Structures are given as structure tokens and as C-alpha cells.
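Colleague: To start, I am sharing the structure in question, which I have written as C-alpha cells.
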Amino acid sequence: MPECKTHDQNPYRFWGISDARLEQADRLEEQLSPVFARLEAIRAWNQMRVLRAMQDARLSDSGFAGTTGYGYDDRGREQLEQIYAQVFEAESALVRTQICSGTQALAVALFGVLRTGDQLLSITGAPYDTLAHTIGLNGAGAGEGSLREFGITYDQVELDPQSGGIDLPAVLEHLRAETRMVLIQRSRGYAQRRALSIAEIGEAVFQIHSRCPDVVVLVDNCYGEFTEYQEPTAVGADLCVGSLIKNPGGGLAPVGGYIVGKQNWVEACANRLYAPGLGSHPGPTLGLNRSLIQGFYQAPHMVGECLKGLTFAAALFAEEGFQTAPKAESPRSDIIQTITFGDRELMLQFCQSIQAAAPVDAFVTPEPWDMPGYDCPVIMAAGAFVQGASIELSADGPVKPPYVAYLQGGLVYENVKLAALLACQRIRGGRAS
Ligand SMILES: *Cc1c(COP(=O)(O)O)cnc(C)c1O
């Protein structure tokens, strides 16, 4: 007779997780239950909003078919965009597989709005790395068609060093007659800063619009979707963009990006993405409608799994003496968790353990390499169903002091928990401290 499985089996023992570590995990989960409850409340709220939007759009099977060629009159695409607009509390949405990354979505929004002589003002310090070329910062992007080559200038205001929030007095001082667009990055990205809450973004938008009503506020919402009760467009942002291989694709979208916001600006972006005059009319979906729609349907759930997993990892590594940001119990506005190792070997072991817990490519060992565009080697652990998808669990970081690993994503709580336990056991051994 095969042994009958009972509830007291340690399911993580196949990876060598000790009973002592699992007991530590049980205790931490018990302690974290109020935090988990808070995250589950956000998840339920967003899940109901998405469901409601799908019903309001009268979604049906016929929308999943999709189009080829020019892609005119694509019913499913139109319904998906209506659903996005409703959930983001925005006038209009462009959700397209022709946008293949967050960087591209941001570039489309920047070039869609800005014209020669205009100024772009970033109010959250240096923007995400990949935008250096798009904007033309410090000589980057020369000859590549950067904003700078089109005569669009750039200025930035650093985050307030004390609070880590937007330095509003400095922002108001920096607004000029030529400032056409203000860029806000919600997530920490790969910088040692914190994510901004929706309340903080709303306050900044209000102050900027009170002073300069015509300034277009663009929020880089990458990694932020469904981590709070609202999105930036609900608190006044004119445009808000993100990638579908992050949060809103729910792990199912194989490609895509979105731009939501004021109707005239979204249409300006469509004219940039396709061609002036074509606007949002073309855009074949090539059979991907169902993945994009179902992905959006399950996105709040996936983000909830991810946030619970990251919360667990933060608590575990804090207990083992490492610095974590955000802390387990802190509010979150993105799906990134940093853990500071202060030691090269520990950081590498951490990333390698995350890889070893993945459903895909668990058998490979990531090593640091000289990735173009970085001033030091970078290590990247990812075993995802969609290449580069960071709604799926991954860990990476520049291999230099203070040896900070960025842990992000995770579609399934138990998998994030396993990854954290595996890393912890590799670094600290089988006996809980
Ligand atoms: C991921 C990300 C981007 C860029 O997205 P890609 O899809 O990698 O091009 C931009 N901003 C932030 C904050 C991001 O997290």
C-alpha cells in the first residue's frame, strides 16, 4: 500500500527544507496574518473591479477571436481597452501587442505628446535606466532619435532625501513656461528608493495642475498595478503606462503594453505608435485577445500572491539579520523587494537559490556577467514561462557593494515561499535562528 499523505507532511522537503525552517515559516505566517489580510482586502477590491468591468463591457467568447492584417474593428481589443479604461478610471485606453515593452510604452507616450521646444521634467530623480537613450541623457541616445535630437529639453528634481517622497516645493520651482510634461516613476525600479503611494502621486498631480493646468503628467506605472486600491489615473494623472509582462498581464499575456488616460493624449500616443491619422484604428491582435483578457482577469490575484510572497521573504530575511526594503509590514506600491546582503557570495547564493526554485530552467546556475549599459557585472535569476516576465519570480542586481538583490514577482505564493526558504537555508543552514 502506498503511504497515505497527511496534512503534516513537509511539502518543501523535496528541496531539502528542514522541519526547523518550515516551523519558522509557519510562525512567520502566523505573525504576518494581519499583513496578509490587508493585502487580501486590496486584492478582493481590485478583483471585483476587474470582474465588474468585464461584465459592463458585455465580454463574450466572440471577443477572443481577434484579427489579422490591419486589424480594423477588432471587437475583443475594443472590449479589453474599455475594460482597462474602466479599471484605471481613465477616459481611454490603448492596450496593444504592438507595444512590446514598458520602455516602448513610455517612449510612445513621450514622443506622442512632446514637441520641439518643450521640456520634460522628471520629478522622481533619474528615470528608469532604459529611458536614458529615449531622453538623450548624458550623451546617451545620440544618433538614435532621442528626445534631445528633436529639440526637447530635460530637467529633473530629486526625491526628498528625508521622506523619500516627491519634493513638491522644488518641483513647483522647476516648472517653466516650456515644461510640457512631468514624469513620475511610481515604482522603485532598480534604484535605492521607495515606491510612491497613490496618495502621494495624487497630491503631486493636484499641486502641479493647480499651478500649471496644461502640463501633462505621465506616470510610469510599471510594477505598480493592483498593489493599491486605485491607479494613478484615478487621482488625476493625464497618462499612465505599463508593460503586460509585468502586473496587468497576469502572467498570461505573452507580450504587450498599455497607455491609459485622457482621451486626446491617448489618441496622440496612438498616432505616434501607428501613424499620424491612423490613430488607434489599426492593431491586429493575432489570436492574443484571450490571453490578454484572461491575464487581466487574473492579474489582481497574481499581484496578491506576489505581494504575500515578498512579504514572507522580507520577514524571513529580516529575522536572519538582513536589511529589507520595504519591511514586511510596510505598505507596498510596487512588486519589488530588496534584500541587502553586504557580501558578494551571499548575494550570488541568494539569486542562485531563486533560480533553483523556478518552474522553468531550475537546473541552470546564473552567474554574474557584463551586461551592456551597466558599470559592473549583473546577476539575473529567472525561470519564467514568458521571457523576461517580471510578474513571474525573478531576482537580480548589480554585483557591487552593498550587494543588494532585487526580488520581484511570483505568480504562486507557495513558490515564492519555497524560493525564500531555499535561499535562507543555503545562506544560513537548516537551523532557524
Ligand atoms: C520595467 C520598467 C520599465 C521598463 O520596462 P521594460 O519592459 O523593461 O522595457 C520602466 N520603468 C519601470 C519603473 C520599470 O519597472
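The values are calculated or read from the model by the stated rules, or taken from the named source; none is laboratory data. Just so it is clear, the model here is predicted, and its values are computed rather than measured. When we count neighbours, we look across all protein chains shown, and the Cβ atoms used for this are built from the backbone with ideal geometry, even at glycine. To get the accessible areas, we keep the full protein, side chains included, count just its heavy atoms, and leave off ligands, DNA and RNA. Shrake-Rupley method; radii C 1.70, N 1.55, O 1.52, S 1.80 Å.
Colleague: Using alpha-carbon pairs under 8 Å, 6+ residues apart, how would you state the relative contact order of the chain in percent?
Modeller: Numbers: 909 pairs, mean separation 78.6, N = 433.
That works out to 18 percent.
Colleague: Another one. Over its Cα atoms, what ratio of radius of gyration to 2.2 N^0.38 Å does the range 178-246 give? Mind showing how you got there, number by number?
Modeller: On the way: Rg = 11.9 Å, N = 69, 2.2 N^0.38 = 11.0 Å.
Ratio of Cα Rg to 2.2 N^0.38 Å: 1.08.
Colleague: For Asp343 and Val364 in the same chain, what is the full-extension length gain: residue separation times 0.36 nm, less their Cα-Cα distance, in nm? Spell out each step's value before the answer.
Modeller: On the way: separation 21, 0.36 × 21 = 7.56 nm, distance 2.22 nm.
This chain segment gains 5.3 nm when fully extended.
Colleague: Using Cα pairs under 8 angstrom and six or more residues apart, how large is the relative contact order of the range 259-360, in percent?
Modeller: Value for the range 259-360: 14 percent.
Colleague: Let me ask something else about it. Could you provide, to the nearest whole Å², the per residue accessible area of the chain with probe 1.4 Å? Walk me through the numbers on the way to the answer.
Modeller: Values: 18350 Å² over 433 residues.
Accessible surface, normalised per residue, equals 42 Å².
Colleague: Further question on the same structure: Expressed as an acute angle from 0 to 90° and rounded to the nearest 10, what is the orientation of the C-alpha long axis of helix 102-113 relative to the principal long axis of the chain?
Modeller: So the inclination is approximately 20 degrees.
Colleague: Once you order the gyration tensor axes a ≥ b ≥ c over the Cα atoms, which shape class does the range 185-333 get: rounded for a/c under 1.5, otherwise prolate or oblate by comparing a/b with b/c? Please report the intermediate quantities before stating the final value.
Modeller: Details: a/c = 2.75, a/b = 1.36, b/c = 2.03.
In terms of gyration-tensor shape, oblate.
Colleague: Among Tyr297, His281, Leu244, whose Cα lies farthest out toward the positive end of the dipole of the range 240-342, if unit charges sit on the beta carbon of Lys, Arg (+1) and Asp, Glu (-1)?
Modeller: The residue sitting farthest along the positive end of the dipole is His281.
Colleague: Let me ask something additional. Helix-derived [θ] at 222 nm for the chain: sum -39500 (n - 2.57) over DSSP H runs of at least 4, divide by residue count, nearest 500? It would help to have the intermediate numbers written out before the result.
Modeller: On the way: 11 runs with 159 residues, N = 433.
For the chain, the value works out to -12000 deg cm²/dmol.
Colleague: Oh, and also: Once you put a point 7 Å from the Cα of Ala318 and another 7 Å from the Cα of Leu286, both along the Cβ direction, what distance in nm separates them?
Modeller: 4.4
Colleague: Work out from phi, with θ = phi - 60° and the Karplus expression 6.51 cos²θ - 1.76 cosθ + 1.60, the ³J(HN,Hα) of each residue of the range 316-321, listed in order in whole Hz, and give x for Gly and Pro.
Modeller: 4, 6, 5, 4, 8, x
Colleague: Looking at the range 308-433 from every direction and averaging, what is the projected area of its Cα convex hull in nm²?
Modeller: Values: hull surface 29.9 nm².
Its average projected convex-hull area is 7.5 nm².
Colleague: For the chain, find the longest principal axis of its Cα atoms and tell me its angle to the long axis of helix 33-56, 0 to 90°, nearest 10.
Modeller: The angle comes out near 40 degrees.
Colleague: Treating only the Cβ atoms of Lys and Arg (+1) and Asp and Glu (-1) as charged, compute the dipole magnitude of the chain about its Cα centre; round to the nearest 20 debye.
Modeller: Working: 34 positive and 49 negative charges, 70 e Å.
For the chain, the charge dipole is close to 340 debye.
Colleague: With charges set only on the Cβ (+1 for Lys and Arg, -1 for Asp and Glu), what does the dipole of the range 301-357 come to about its Cα centre, in debye to the nearest 20? Intermediate results must be reported in sequence, preceding the final value.
Modeller: On the way: 4 positive and 7 negative charges, 27 e Å.
That gives a dipole near 140 debye.
Colleague: May I ask you to compute the full-extension gain from Asp73 to Tyr229, defined as 0.36 nm times their residue separation minus their alpha-carbon distance, rounded to one decimal in nm? Don't skip to the answer; put the middle values down first.
Modeller: On the way: separation 156, 0.36 × 156 = 56.16 nm, distance 3.25 nm.
Gain on extension, Asp73 to Tyr229, equals 52.9 nm.
Colleague: Whole-Hz ³J(HN,Hα) for each residue in the range 191-201, computed from phi via Karplus 6.51 cos²θ - 1.76 cosθ + 1.60 with θ = phi - 60°, x for glycine and proline: what do you get?
Modeller: With the stated coefficients, the range 191-201 comes to 10, 7, 9, 9, 6, 8, 6, 4, 4, 5, 5 Hz.
Colleague: Also, I was wondering about something else. Evaluate the charge dipole of the range 222-301 about its Cα centre and quote only its size in Debye, nearest 20, assuming +1 on the Cβ of each Lys and Arg and -1 on the Cβ of each Asp and Glu.
Modeller: Values: 4 positive and 5 negative charges, 47 e Å.
So the dipole magnitude of the range 222-301 works out to roughly 220 debye.
Colleague: With all protein chains present, calculate the accessible area of Trp265 using a 1.4 Å probe and round the result to the nearest 10 Å².
Modeller: Roll a 1.4 Å probe over it and Trp265 shows about 50 Å².
Colleague: Sorted by accessible area with a 1.4 angstrom probe, largest first, how do Asp370, Asp118, Asp129 fall?
Modeller: Values: Asp370 120, Asp118 25, Asp129 90 Å².
Largest accessible area first, the residues go Asp370, Asp129, Asp118.
Colleague: Separate question: Could you report the accessible area of Tyr190 in Å², rounded to 10, computed with a 1.4 Å probe on the protein chains as they sit in the structure?
Modeller: Rounded to the nearest 10, that gives 80 Å².
Colleague: While we're on this one: How big is the accessible area of Met181 in square angstrom, nearest 10, if you roll a 1.4 angstrom probe over the protein chains?
Modeller: 0
Colleague: Next question, about the same structure. So what are the chain's ellipsoid semi-axes, whole angstrom, largest first, if each one is the square root of 5 times an eigenvalue of the alpha-carbon gyration tensor?
Modeller: Details: eigenvalues 266, 136, 81 Å².
Each semi-axis is √(5λ); the values are 36, 26, 20 Å.
Colleague: Once you sort the root eigenvalues of the Cα gyration tensor of the range 13-141 as a ≥ b ≥ c, which label holds: rounded (a/c under 1.5), prolate (a/b larger than b/c) or oblate (the other case)?
Modeller: On the way: a/c = 2.23, a/b = 1.31, b/c = 1.69.
Oblate, because a/c is 1.5 or more while a/b does not exceed b/c.
Colleague: Something else about it: Working with all protein chains in place, sort Ser62, Ser280 by solvent-accessible area computed with a 1.4 Å probe, largest first. Don't skip to the end; give the middle numbers.
Modeller: Numbers: Ser62 80, Ser280 30 Å².
Ranking Ser62, Ser280 by accessible area, largest first, yields Ser62, Ser280.
Colleague: Quick one: work out the % antiparallel among DSSP beta bridges in the chain, nearest 5. Mind dumping the intermediate values first?
Modeller: Details: 27 of 43 bridges.
Roughly 65 percent of the DSSP beta bridges within the chain come out antiparallel.
Colleague: Longest exposed-loop-site-free stretch of the chain, with GluC sites (Glu not before Pro), DSSP loop and at most 16 other Cβ within 10 Å?
Modeller: 179-319
Colleague: When the chain is fully extended, how far beyond the present Cα-Cα distance does Cys100 get from Thr116, taking 0.36 nm per residue of separation? Write down the numbers at each step before the final one.
Modeller: Values: separation 16, 0.36 × 16 = 5.76 nm, distance 2.61 nm.
Taking Cys100 through Thr116 to full extension adds about 3.1 nm, to one decimal.
Colleague: A further question on this structure: Could you give each residue of the range 154-166 its phi-based ³J(HN,Hα) in whole Hz, using Karplus coefficients 6.51, -1.76, 1.60 with θ = phi - 60°, and x for Gly or Pro?
Modeller: 9, 9, 9, 10, 6, 5, 5, x, 6, 8, x, x, 6
Colleague: By DSSP, what percent of the beta bridges with both residues in the range 151-278 are antiparallel, rounded to the nearest 5? List each step's numbers first, then the result.
Modeller: Numbers: 5 of 13 bridges.
Approximately 40 percent, going by the DSSP bridge assignments.
Colleague: Looking only at the range 116-139, which residues have a backbone nitrogen under 16 Å from a spot 7 Å from the Cα of Gln156 in the C-beta direction?
Modeller: In the range 116-139, the label zone of Gln156 (backbone N under 16 Å from the point 7 Å along Cα→Cβ) covers 120-139.
Colleague: Spin-label point model (7 Å from Cα, Cβ direction): what's the Tyr374 to Ser62 distance in nm?
Modeller: The two pseudo-label positions are separated by 5.0 nm.
Colleague: Protein chains only, probe 1.4 Å: how do Lys417, Lys327 rank by accessible area, largest first? Can you show the working numbers first?
Modeller: On the way: Lys417 15, Lys327 105 Å².
From most exposed to least exposed: Lys327, Lys417.
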